[in-house]
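Notes follow the structure.
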Amino acid sequence: MQRIKLVLAYDGTDFCGWQLQPELRTVQGVLEQAIIRITGTPVRVHGSGRTDSGVHAFGQVVHFDVEEDRAAVPWQRALNSLLPDDVTVLNAELVPSDFHSRFNAVRKTYTYTLWLDNSFFLPWRRHYVWKCGPLDLSALDRGMQFFLGEHDFASFQNTGTPVSSTVRTIHEFRRYPGQIGQEMILEVCGSGFLKQMVRNMVGCLVNIGRGKAEPETVRSLLQMKDRTAAPATAPAQGLCMAGVYYGESGCGGTDIGRNQPQGSGIDGEA
């Protein structure tokens with residue numbers, strides 16, 4: 001058997017998330033169906049993490065095994081000819097048999113896009129941003145800094161996925177302008193993320209930016225380890241899995257998961 005690694009981009013609007021679910025359309029499901037049309041036999045695809053309904057990706061990394069005589073298939077071109085319009089293969093390559101898209105990953109990057117203008121809204125952006133309105137960006141920046149470093153993120157984990165530890169490390173947290181003047185992008189890179197952790201952090205930061213909480217609230221919530229004390233979860237459609245990294249270092253969405261496999265692994269989902 002030979003192991004194939006893919007990097008995917010997808011629009012999560014019409015998917016019920018990444019993971020296979022009976023009778024529901026998922027990214028994993030349509031990808032496996034396309035692979036089976038090439039191999040003629042069932043193939044299980046393993047993802048670097050799970051995304052919820054409505055969440056997008058520009059750097060989802062997956063792997064699967066095929067018989068040796070199928071390894072030379074031009075997988076990027078072949079799959080893109082079979083996949084629906086809302087998912088595409090950005091890169092395909094043969095990797096060592098011990099590579100694992102989830103367990104070898106050492107860092108992940110997510111972006112979250114906010115719409116900051118209440119005077120108008122571009123309707124075709126509704127599936128990709130959170131229309132949160134104007135924010136105090138200085139307060140938001142101060143709140144962001146409290147997330148940096150290693151912390152117990154129990155206050156920012158939603159229920160549904162058992163994990164051995166809720167301790168994670170945030171390496172970078174920054175913001176920059178979006179493609180449209182009314183948009184702002186938050187980008188966070190960490191050792192791993194708990195269930196809906198990124199959306200919960202963004203929900204907290206927007207609360208701070210609206211003047212409903214002080215930036216130091218982040219520190220207090222981290223110490224409390226109580227999800228019920230934290231603000232509501234941000235909507236799914238603003239979130240995008242931007243990159244997965246397998247080297248000793250690296251953050252930011254531009255590498256789209258192409259580093260060499262090595263590392264101890266991450267768990268959970270955002």
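The values are calculated or read from the model by the stated rules, or taken from the named source; none is laboratory data. These numbers come from a predicted model, not from an experiment. Glycine also receives a Cβ, built like all others from the backbone with ideal geometry; neighbour counts cover every protein chain displayed.
Here the condition is being in contact with an Asp or Glu (Cβ under 6 Å, 6 or more places away or on another chain) and either among the hydroxyl-bearing types (Ser, Thr, Tyr) or modelled with pLDDT under 95 (or both); of Thr88, Thr169, Thr109, it holds for Thr169 alone. The residue that is surrounded by the fewest Cβ atoms within 10 Å (Cβ to Cβ), among those in segment 118-145 that are aliphatic (A, V, I, L, M) and touching a Gly at 6+ places or on another chain (Cβ under 9 Å), is Leu137.
Just to be sure before I move on: is Val244 over 13 Å from Gln157 (Cβ atoms), in the same structural domain as Gly160 (by TED's automatic domain parsing) and at pLDDT 95 or above in the structure I sent? Yes; evaluated as a whole, the condition is true for this residue.
Of all residues in segment 54-90, those being assigned to a strand (DSSP E or B), out of contact with any helix residue (DSSP H, G or I) (no Cβ under 7 Å at 6 or more places or on another chain) and not aliphatic (A, V, I, L, M) number 3.
Does Gly17 satisfy the criteria of being part of a loop (DSSP other than H, G, I, E, B), under 20 Å from Ala242 (Cα atoms) and among the small types (Gly, Ala, Ser)? Yes: the conditions hold for Gly17.
Of the helices (runs of 4 or more DSSP H) lying entirely inside segment 133-235, those carrying at least 3 residues that are in contact with a helix residue (DSSP H, G or I) (Cβ under 8 Å, 6 or more places away or on another chain) and within 22 Å of Gly12 (Cβ to Cβ) are 197-209.
For segment 167-187, taking the residues that are touching a Lys or Arg at 6+ places or on another chain (Cβ under 8 Å) and among the hydrophobic types (A, V, I, L, M, F, W, C), the one that is nearest to Ala154 (Cα to Cα) is identified as Leu186.
Of the residues Thr111, Thr166, the single one that is among the hydroxyl-bearing types (Ser, Thr, Tyr), touching a residue at least 24 places away in the same chain (Cβ under 8 Å) and within 14 Å of Leu222 (Cα to Cα) is Thr166. The set of residues in segment 125-164 being over 23 Å from Lys212 (Cα atoms) and either of a type in the set (Val, Ile, Thr) or modelled with pLDDT under 95 (or both) consists of Thr159, Gly160, Thr161, Pro162, Val163, Ser164. Number of residues in segment 171-201 that are surrounded by 21 or more Cβ atoms within 10 Å (Cβ to Cβ) and β-branched (Val, Ile, Thr) equals 2.
Residue count for segment 20-38 under the criterion of being assigned to a loop (DSSP other than H, G, I, E, B) and either under 24 Å from Gly243 (Cβ atoms) or within 14 Å of the chain's Cα centre (by Cα) (or both): the result is 2.
Filter segment 9-54 down to the residues that are small (Gly, Ala, Ser) and out of contact with any Leu (no Cβ under 7 Å at 6 or more places or on another chain), then identify the one that is surrounded by the fewest Cβ atoms within 10 Å (Cβ to Cβ). Among those residues, the one meeting the criterion is Gly40. Within segment 201-219, none of the residues are at pLDDT 95 or above and under 13 Å from the mean Cα position of the chain (by Cα).
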